[in-house]
Amino acid sequence: MKTLLILLFLPLLLLAEENPFEKKLPFKEAIIEYSLAGNQKGVETLYIKDFGRQKVLYTNTNSKIISKDKEQLRVMTPKWIYSIDKNSDIANRIPNLNYLLYIRYQELTKAEQEKVLKNLKTINYLPIQGSRFKIEKNFTKINNISCNQLIQKSKKKCYGYDGSLLLKSEIKFLGFNKSKILTNIFETKVDPALFNLKDYEIKDNKIKSVQEYEKSKKIIDFLKRNINKKTIFVKTKNSHDYNQDIQEGIKALKKI
């Protein structure tokens, strides 16, 4: 079995064909605005380049639970996701889950790949995080964009453009509630300086990276199964022991 070290450092040149987990947006560059409500109020601005393969998410919130404002920047590339807090010179890095999923997809047999692609179409390419969910297709329209809703536990998320753009999200859990909704899309040039990380110290978030590594295995294993188009909630029995995989991931991440 290949280790996480191999997964993370496989050159992107090997990813010549289209990544089925990375759907392109219909516009090359854009600035997208979101409004946040609930226990955390504020705004988010998403900067898009290269049809969505590169993104920067700026978040400015204030919380009823934590009495302070928070500003955060997330820089997303095809391979990595970097998180930066206001006034910090450190960019905490984890591997992009879509990258890990595609590497695992490449390791499958042709028959398994066909099954995964079929199941991705069945769930409208929505970015599932586990094996229990509900999908409501054409749930509504937001900003005149058709929205497919994904429900997982206490979270509801609505996606447009074949799962490539989050239009709305909502979480309600034990008195906590937070919602986000897209308010504007401006198709315009985006300043490339937003994606520049040369002034930051890059640090790997090893705990979350291992979690993403484990998650990629579970999602691919699930997508190799039979998913019925009429399924409301999908349940699977998982007898695989991931402890060994997790330990491999921990050892590999120490070498980065």
Next on the checklist: So, R0 is 51 Å and r is the distance between the beta-carbons of LYS70 and THR109; what FRET efficiency does that work out to, to 0.05?
Outcome noted: 0.65
Next on the checklist: Sort ARG225, ARG104 by Cβ crowding within 10 Å, fewest neighbours at the top.
Outcome noted: ARG225, ARG104
Item to check | Computed label-point distance, nm, for sites ASN87 and ILE145 using a 7 Å Cα→Cβ extension | outcome: 3.4 nm
Next on the checklist: If I model a spin label as a point 7 Å beyond the Cα along the Cα-Cβ vector, how far apart are those points for LYS24 and LYS189 in nm?
Outcome noted: 2.2 nm
Checklist entry - LYS118 versus ARG53, label points 7 Å from Cα toward the beta carbon: distance in nm? => result 3.0 nm
Checklist entry - Which order do GLU201, GLU29, GLU112 fall in if you start with the one that has the fewest other Cβ atoms within 10 Å? => result GLU201, GLU112, GLU29
Checklist outcome for this item: Neighbour-count ranking for PHE195, PHE21 (other C-beta within 10 angstrom, fewest to most) reads PHE195, PHE21
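Laboratory data are not the source of any read-out in this text; all were calculated from the coordinates shown. These figures come from a predicted structure and were not determined experimentally. Using ideal geometry, Cβ is built from the backbone for each residue, glycine included, and neighbour counts are taken over all protein chains shown.
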